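The values are calculated or read from the model by the stated rules, or taken from the named source; none is laboratory data. No experiment lies behind these values; they were computed from the predicted model shown. Methodologically, a virtual Cβ is constructed for each residue, glycine included, from the backbone with ideal geometry; neighbour enumeration extends over all protein chains shown. Note: accessible area is taken over every heavy atom of the protein model, side chains too, but ligands, DNA and RNA are not part of it. Shrake-Rupley method; radii C 1.70, N 1.55, O 1.52, S 1.80 Å.
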Amino acid sequence: MGDKRKDFDLESEVAMLEKIGRDVIKELDWDDAMAGTLAQEAERKTMAHFQRDGYKIIVLAELISPGSGTAKNLVQLIDVTHDCVVSASVKNTKGVTCYILAAVIKY
C-alpha cells in the first residue's frame, strides 16, 4: 500500500493532488489570461485539502503551456514521521499541464 507515515499516506495525497489538477484544467485549451487564475484555484483547493491544526502549509501550483517544461525538485528537509511533501502533475488532452506541490510541516 503506499508510503505510510504516521500522519499521511503519500500515495493517497498524490492521488488527491492529481484529482485537484484534473478538476482545475478540465479539457481547457491553453489561455495565458486564465493561467494565473487557474493556478490560484489549484492552490486554494490544495490548501483546503491539507488544512489541519498544528501544521504550516506551503502550496505551489503552476499551469504550464503545451510544449513547455518545469523543474520539479525540492530539497526535503522534513521529519518523515509527521511532515508531508507531495507533488503531482496532470496533463489534459490539449497539452495543458497542472503541476501542484504541497508541503505540510508540523510545528
*Can you name every residue in segment 39-59 that is open to solvent by 80 Å² or more (accessible area, probe 1.4 Å) and aliphatic (A, V, I, L, M)?*
58
*Are there any pairs with C-beta distances below 9 angstrom linking a residue in segment 29-55 that is over 11 Å from residue 102 (Cβ atoms) to a residue that is surrounded by 10 or more Cβ atoms within 10 Å (Cβ to Cβ) and acidic (Asp, Glu), with the two at least 6 apart or on different chains, and if so which?*
35/62; 38/31; 39/62; 41/23; 52/7
_Against the condition open to solvent by 30 Å² or more (accessible area, probe 1.4 Å) and among the β-branched types (Val, Ile, Thr), how does residue 25 come out, does it pass?_
no
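Does residue 36 satisfy the condition of being open to solvent by less than 70 Å² (accessible area, probe 1.4 Å) and modelled with pLDDT of 95 or more?
Values: open to solvent by less than 70 Å² (accessible area, probe 1.4 Å): yes; modelled with pLDDT of 95 or more: no.
Taking the combined requirement at face value, the residue does not satisfy it.
If you scan segment 17-29, which residues turn out to be of a type outside the set (Lys, Arg) and in contact with a strand residue (DSSP E or B) (Cβ under 8 Å, 6 or more places away or on another chain)?
Answer for segment 17-29, where residues must be of a type outside the set (Lys, Arg) and in contact with a strand residue (DSSP E or B) (Cβ under 8 Å, 6 or more places away or on another chain): 17, 18, 20, 21, 24, 25.
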